[in-house]
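Any read-out appearing in this document is the output of simple, stated calculations on the displayed coordinates, not a laboratory observation. Keep in mind the model is a prediction, meaning the values are calculated, not measured. In this analysis, Cβ positions are derived from the backbone assuming ideal geometry, glycine residues included, and neighbour counts consider all displayed protein chains.
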Amino acid sequence: MVSSIEIQSILEKHPGARRDSLIPILQEVQEKDGYLSREAIVRIGAHLGLPASKIFGVATFYNQFRFQPQGRFHIQVCRGTACHVKGSARVLDAIEQALEVASGQTTRDGMFSLEVVACMGACGLAPVINVNGDFFAGVAPDEVKKILDTYRRKAADEAQTN
Amino acid sequence: MIKIEVNGKSIEAQPGEMLLSALKRAGIKVPTLCYIEGLFPSGACRMCVVEVEGQRNLVPSCAFPVAEGMKVKTHSARAVRARKTIVELLLADHPDDCLYCVRNGNCQLQELAEELGVRQRRYTGEKNVYKLDTSGLSIVRDPAKCILCGKCVRVCEEIMGVAAIDFIGRGSETRIGTAFDQGLNISSCINCGQCIMVCPTGALREQSYIKEVVNALNDPEVTVVAQHAPSVSVTLGEEFGIAPGTDVDGVMTAALRALGFDRVFDTAFSADLTIMEEASELAHRINTGGTLPMMTSCSPGWIKFVEQFYPDFIGNISSCRSPQQMMGAVIKSYYAEREGLDPKKIFSVSIMPCTAKKFEAGRTEMSRDGIPDVDAVLTTRELARFIRMRGLDIRTLDPDTADTPFGERTTAGKLFGATGGVMEAAIRTAHYLLTGKELEHLEVEAVRGLKEVKEARVKIGELEVGVAALSGLGNARRLLDEIRAGRKDLHFIEVMTCPGGCIAGGGQPLGADLSAVRARMQALYTIDHDEPVRASHNNPSVQRLYKEFLGEPLSHKSHELLHTNYAEREVVR
């Protein structure tokens, strides 16, 4: 989590800021931290003179903002038109069921986080998912478990060598 | 004045006003769901759409300014069809449980479905599933019944200056909730219930304690005592079709007895008691250089507001408990002793115009030895529901009077029900305490009326005192900011959370317009005008309570039972 000092340094870049600076500030905080923590939201509110309810309301309106830290492996599922036609909804379902999280959430062990994106510009690979920069093309729902297990093993191997 | 043509008839309109207000004045009914009189139109619900000649699309009349010669059709086939479709779409994501809903028979969505002849579910599909938020002591939120009109959000932010709730998410997943979508109990909600007053459906309602009261009434070992707040007697009648502003005090007392309450007391008695303590405290603060301006402490929404938003003003708040809590305390002490009752076997119920009173009664400092001073709070609406449940007709009951020792009141105590009333009552008694003489002209006109910010300079003997009476906490916010910035001319400030005071409280009958609130206020002024004992210090029962039990105002015993203190409150702001 971003420390209070870091939030402070972001806020200090916007002296005397008003509500029109809200989104740039939210973006900067998320850029630094990968998500918007409660502490960050409350402190941004105090800085701008806005209630936390309002900031939460604005932030939840935009898909770009997350409210949980990213997992060790961040999964992006493409729900663009081509992927949709090729059955990405079922792929998303399979991931959500396997991880027991919804889009925007992170698994309790912090291993995986899930995000739905509109298009990755890789329509030829549809339906496509992206895990920490690794692209998986033509994913079928029943392949999801295997993909996730690869990363679980990777994490376990790393834990052993450390 | 300009002229516009509506449905073939010419009507007058003021230049610059919105079409809807001209239509209303002319008695033409156009339905609305999101419109709040006096606030900037949000145009969210589109129920008020009408056809305007020359406009390609239907226009929302709440947000469309009038123009000379404009031709309007309010109920053309096209406009009515659009409204009906809107209602059908709202119903597509609305539970079908009207029979079980607290607003059954009193719901704007239900009324519109009826008026527009909706007879079938035309749009079916998946509905949103939401959890009921029962975390608060005062207010229950049911997002499944919410139609997203946004009135609660606007009242909370624009009138109350609280902003505990806002729209969350977007599209079909839009809902209304607190910061981080958590329970009201940990939010900055002050429990005022003004959101309930504007909610068109059952999405917001009071946390009901009728069941607890019924259980106590059914227990033969428990003495159940009621107290009713000053404003309830001038509003309860509306629930039974009696004209606004009718004082039903006597029949309400009779109804409470018929419901099984063992004793019926009048909170206006303890309002008199509050004045004795509060006027003494004011005099003490003025004489000893205490913290000024002193601010009233009767309104629990306001108290929580200060605790969480303006903790630096906690020292300005009068240490007096509210009349409800003073009554609660003397019932379980003086009254219990007098009647030889075990305070544990007394169930104390208060009938309040207010939802925040439920929260107040639940505060830990409002109990002694683990026994709460007030066990359950019912709103005016809940009392009406309870009366109907027992098949009582308040129009045929014989009026009755409240019980000793806490049934006798002065009209000053009664004035507590409206904005400015606590101030007026306090000035009458402070004048007597500071000068030894009664105030010559008892009516303090400067603090009367529904205006939400009233200020005056009042002469009490040699002393000139700066006073202010505010209602609607957005106004309090502005004044507190002025005082923070250095304003120093005020000595005593009355704050009531709800605009207009308790007569327009969050527990009062729904659907009252400004003229009804004005009638309720006038009813209190009429009582004050017509009765002989008009200052709290002249209440014989209050005098006796001091003589037999409390000693004098601000005595050790008074401090123990009638005063309290407040502390900064951590909430999600």
* Going through the stretch B:75-126, which GluC sites (Glu not before Pro) have at most 14 other Cβ atoms within 10 Å and a DSSP loop state? -> B:Glu126
* With respect to the cross-link table entries B:Lys84/B:Lys131; B:Lys358/B:Lys414; B:Lys131/B:Lys211; B:Lys29/B:Lys358; B:Lys73/B:Lys127, which display a Cα-Cα separation exceeding 25 Å? -> B:Lys84/B:Lys131; B:Lys29/B:Lys358; B:Lys73/B:Lys127
* Shielding by partners - mean other protein chain Cβ count within 10 Å, residues of B:380-393 -> 0
* Structure fact -> When chain A is treated as a Gaussian network with springs between alpha carbons less than 10 Å apart, the largest mean-square fluctuation among A:Gly45, A:Gly124, A:Gly34 is found at A:Gly124
* **Relative contact order, percent, chain B [alpha-carbon distance under 8 Å, six or more residues apart]** => 16 percent
* **Estimated dipole of the protein assembly as shown in Debye, rounded to 20 [Cβ of Lys and Arg +1, of Asp and Glu -1, Cα centre]** => 2120 debye
* Structure fact -> Placing +1 on each Lys and Arg Cβ and -1 on each Asp and Glu Cβ in chain A, then taking the dipole about the Cα centre, the residue among A:Met111, A:Tyr62, A:Ile10 whose Cα reaches farthest towards the positive end is A:Tyr62
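Semi-axes of the equivalent ellipsoid of the protein assembly as shown: what are they in whole Å, largest first, if each equals the square root of 5 times a C-alpha gyration tensor eigenvalue?
51, 33, 27
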* In debye to the nearest 20, how big a dipole does chain B give about its Cα centre with +1 on each Lys and Arg Cβ and -1 on each Asp and Glu Cβ? -> 1940 debye
* Asked: Using modelled amide H (1.01 Å from N, peptide plane; none on Pro or chain starts), what sits under 5 Å from the amide H of B:Arg569, excluding residues fewer than 5 places away?
  -> B:Gln308
* Structure fact -> Taking alpha-carbon centroids only, the stretch B:463-489 lies from the stretch A:60-135 a number of Å equal to 53 Å
* **Stretch gain in nm, segment B:Lys451-B:Asp398, where the contour uses 0.36 nm per residue and the Cα spacing is subtracted** => 15.4 nm
* Asked: Helix hunt in chain B: which complete DSSP H runs extend at least 18 Å axially by C-alpha with mean Kyte-Doolittle at least -0.5?
  -> B:77-92, B:267-288, B:421-435, B:514-530
* Structure fact -> If each part is reduced to its alpha-carbon centroid, the stretch B:495-559 and the stretch B:25-79 end up apart, in Å, by 42 Å
* Shielding by other protein chains, B:164-175, mean Cβ within 10 Å -> 4
